[in-house]
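Here the structure comes first, spelled out in structure tokens, and everything after it is commentary.
Taken together, the values in this text are just the output of simple stated rules run on the coordinates, not laboratory data. Because the structure is a prediction, the values reported are computed rather than measured. Cβ coordinates were reconstructed from backbone atoms using ideal geometry, including for glycine residues, and neighbour counts include every protein chain displayed.
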Amino acid sequence: MSSVDLLGTGVPGLDCILFGGLPKRGIYLATGEPGTGKTTLGLQFCLRASTQKQTAMFLTISQDARDLERIAASH
């Protein structure tokens, strides 16, 4: 079995379910109904990356910068 470098999601419980995180250098899409935590997951992922001196990108088609700042501040 080959070793895969993993990247934590920033959500400890999710990382546990994923056996350590997501494979590095992947592209991941979160989908679901409004209020299911997609934005929170994306923001947690980016926050975790920034604390590890890594790069992450958060793309959204439904929220502007003000909305993201408001959501991030509420967490």
Inset, instruction - Only residues in the range 48-59 that are without any contact (Cβ under 8 Å) to a residue 40 or more places away in the chain count as the first member; pair them with residues that are polar (S, T, N, Q) and surrounded by 13 or more Cβ atoms within 10 Å (Cβ to Cβ), Cβ under 9 angstrom, at least 6 apart or cross-chain, and list the lot. - result: 58/39
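Select from the range 1-22 the residues that are closer than 27 Å to residue 63 by Cα and out of contact with any helix residue (DSSP H, G or I) (no Cβ under 6 Å at 6 or more places or on another chain) and write down the one among them that is surrounded by the most Cβ atoms within 10 Å (Cβ to Cβ). Even if it seems obvious, please write down each step before you answer.
So in the range 1-22, the residues closer than 27 Å to residue 63 by Cα come out as 7-15, 21-22.
Now restrict to residues that are out of contact with any helix residue (DSSP H, G or I) (no Cβ under 6 Å at 6 or more places or on another chain): 7, 12-15, 22.
Numbers: 7: 21, 12: 10, 13: 8, 14: 16, 15: 17, 22: 16.
Restricting to residues being closer than 27 Å to residue 63 by Cα and out of contact with any helix residue (DSSP H, G or I) (no Cβ under 6 Å at 6 or more places or on another chain), the top hit is 7.
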Legend entry - Which numbered condition residue 65 misses (of (1) out of contact with any Pro (no Cβ under 8 Å at 6 or more places or on another chain); (2) among the hydrophobic types (A, V, I, L, M, F, W, C); (3) in contact (Cβ under 8 Å) with a residue 12 or more places away in the chain): (3)
Inset, instruction - Kindly provide the set of residues from the range 1-38 that are touching a Leu at 6+ places or on another chain (Cβ under 7 Å) and under 22 Å from residue 74 (Cβ atoms), ordered by number. - result: 9, 10, 11, 30
Inset, instruction - Please work out which one of (1) surrounded by 12 or more Cβ atoms within 10 Å (Cβ to Cβ); (2) in a helix (DSSP H, G or I) is the condition residue 60 fails and give its number. - result: (2)
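It is to be established whether one or more residues within the range 33-56 are loosely packed, with under 14 Cβ neighbours inside 10 Å and assigned to a helix (DSSP H, G or I).
Of the residues in the range 33-56, the ones loosely packed, with under 14 Cβ neighbours inside 10 Å are 33-37, 50-55.
So of that shortlist, the ones also assigned to a helix (DSSP H, G or I) come out as 50-51.
Yes, because at least one residue in the range 33-56 is loosely packed, with under 14 Cβ neighbours inside 10 Å and assigned to a helix (DSSP H, G or I).
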